């Protein structure tokens, strides 16, 4: 190898200076230049969850070349933990079952459960697209759904549950999406973590800098970048910053790797971050990750804290119960007490037993309380008080009241105590997208080349949602983002 | 004296390793007892990295799907889970006790070999 001449050095410096002036500009001041290598794709998709994989498949089927960058060794986001319901209207499955769920009715209910705070344009895009998207999951991806059945409001006949076989519906969805990616030879690069977005001098997004096992690599995007990294449910600092208090310290119900890259990547571009304090929580047994939601939704029994006292109106939804618990008790722990009048009690007991998760059963209330380590007299008084109030039609006068429309007595042994805590499911906040899944600035201007979908995107979900809207939103906006990028590639 | 001490200090890890291969019952020890050489699993020059899944599948199952079928009776099936097809060495440690990945979150009574 020859020595580098002074002239060569000068030439190299001038070239580097020119590249700095005209080439892509990193959003971080400390960026390492030059990157070790550059790879070019049409669509760069961050995160191998439902939104990301759907976007990759749609992009490929629209004739453009996508790549998926996943920081973990496998798809490790929240999808694999999901029961696997998709909230939809206008699907073939509904028509075949003689069910009519209209777009306008679903739109109205999605707005209602969000207290009117969901973005109407995103909600409208959701209800317009989701019917076709569920059919697409069936036809193109091979997803099998259980038969649609009537559930309490606002679920009605809207939730399409994925048949997961022996695993979660969400786990099955990811397996099928991965298979569809393999069939199309779509590259999914694992151990590849996006660390910053690359922009041009007009701050349009032109690529992503990612940390790979070989070091930093710049991925150049011809059409656009999709942030599909989920929210920040496992990022304690962000939970503390945006929510604070007890709700930022809940045990996780889902992935420990959903750590807010949607915020850290988009914030330097002055993306409008919305709904940052919003999240979903639900019951969980933190030690074993058994989900006791069916017991909380059963319509039977009472909920007591560690002091053996009723703490909440049992008519509330499981989300409301989980939201209230950390504020009602310092331990964030409660017991769902049920008797054998609940027809599904054995099924719940089998679920706990099958996962080696402790629960407590005895022929008497006192025996159950003793086994659970709860104050026996307090528990007995709570159950007697409930039964007495039911008999005298004064449940609403209890403290707290019980306002069930069809309450059942707790008088049939054996009696069961199922422990639970409130757990964090997912966050709703993120960079606001428009109906094209394009991220907007604080001035509501779309950022060229930047898209977001699924729980990474902000605007669709607020307060509560119609069950199945997380996976639904991921599918709808993942596909929309891919279509927009395909369009941009063709127009370029 | 000083020199011989240094040599024994340097050799100690090797001896410990050699001892573990013949005396313990870790996965690597069991492979060694069946006559397998280190290089049959450790394809890189320095045997420092855990073998990748494709190496294990050459002798075990042929495919992850087949492994899933073979262990279908277990509850839960460790080779067919909602987290996907983990690298074998995540649970099946070569030179230390096995760790059942699922029990990072759960408490299943499944013993990984």
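The values are calculated or read from the model by the stated rules, or taken from the named source; none is laboratory data. Keep in mind that what you see is a predicted model, and the values were worked out from it rather than measured. Every residue, glycine among them, receives a Cβ derived from its backbone with ideal geometry; neighbour counts consider all protein chains shown.
Based on what the data block shows, is residue A:259 part of a loop (DSSP other than H, G, I, E, B), over 24 Å from residue A:352 (Cα atoms) and more than 14 Å from chain B (Cβ to nearest Cβ)? Even if it seems obvious, please write down each step before you answer.
Numbers: part of a loop (DSSP other than H, G, I, E, B): yes; over 24 Å from residue A:352 (Cα atoms): yes; more than 14 Å from chain B (Cβ to nearest Cβ): yes.
So residue A:259 fits the description; yes.
Of the numbered conditions (1) in contact with a helix residue (DSSP H, G or I) (Cβ under 9 Å, 6 or more places away or on another chain); (2) within 30 Å of residue A:434 (Cβ to Cβ), residue A:319 satisfies every one except a single condition; which is it?
Unmet for residue A:319, out of (1) in contact with a helix residue (DSSP H, G or I) (Cβ under 9 Å, 6 or more places away or on another chain); (2) within 30 Å of residue A:434 (Cβ to Cβ): (1).
Every residue, every condition in (1) within 16 Å of residue A:479 (Cβ to Cβ); (2) buried (at least 21 other Cβ atoms within 10 Å of the Cβ); (3) in the same structural domain as residue A:441 (by TED's automatic domain parsing), yes or no:
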| site | (1), (2), (3) |
| --- | --- |
| A:153 | no, no, yes |
| A:161 | no, no, yes |
| A:169 | no, yes, yes |
| A:178 | no, no, yes |
| A:200 | no, no, no |
| A:211 | no, no, no |
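Tell me which residues, restricted to the range B:54-77, are surrounded by 16 or more Cβ atoms within 10 Å (Cβ to Cβ), within 12 Å of chain A (Cβ to nearest Cβ) and either over 18 Å from residue A:167 (Cβ atoms) or touching a residue at least 24 places away in the same chain (Cβ under 8 Å) (or both).
Matches in the range B:54-77: B:76 only.
Could you say which residue among A:356, A:393 is surrounded by fewer than 17 Cβ atoms within 10 Å (Cβ to Cβ), at positive phi and touching a residue at least 40 places away in the same chain (Cβ under 8 Å)?
Answer to the selection: A:356.
For a quick check of your reading: which helices (runs of 4 or more DSSP H) sit entirely within the range A:97-207 and have at least 2 residues that are under 25 Å from residue A:448 (Cα atoms)?
Hits in the range A:97-207: A:120-136.
May I ask you to list the residues in the range A:179-190 that are in contact (Cβ under 8 Å) with a residue 12 or more places away in the chain and over 14 Å from residue A:45 (Cα atoms)?
Of everything in the range A:179-190, those that are in contact (Cβ under 8 Å) with a residue 12 or more places away in the chain and over 14 Å from residue A:45 (Cα atoms) turn out to be A:179, A:180, A:184.
Picking from A:142, A:116, which residue would you name as being loosely packed, with under 15 Cβ neighbours inside 10 Å, modelled with pLDDT of 95 or more and either farther than 23 Å from residue A:433 by Cβ or in contact with a helix residue (DSSP H, G or I) (Cβ under 7 Å, 6 or more places away or on another chain) (or both)?
Working: A:116 fails: either farther than 23 Å from residue A:433 by Cβ or in contact with a helix residue (DSSP H, G or I) (Cβ under 7 Å, 6 or more places away or on another chain) (or both).
None of the other options fit; the residue is A:142.
Residues are listed down the side, and each one gets a yes or a no for (1) out of contact with any helix residue (DSSP H, G or I) (no Cβ under 6 Å at 6 or more places or on another chain); (2) closer than 30 Å to residue A:286 by Cα:
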{"residue": "A:212", "(1), (2)": "yes, no"}
{"residue": "A:233", "(1), (2)": "yes, yes"}
{"residue": "A:239", "(1), (2)": "no, yes"}
{"residue": "A:243", "(1), (2)": "yes, yes"}
{"residue": "A:252", "(1), (2)": "yes, yes"}
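Which members of the range A:147-171 meet the condition of being within 14 Å of chain B (Cβ to nearest Cβ) and in contact with a strand residue (DSSP E or B) (Cβ under 7 Å, 6 or more places away or on another chain)?
A:162, A:163, A:169
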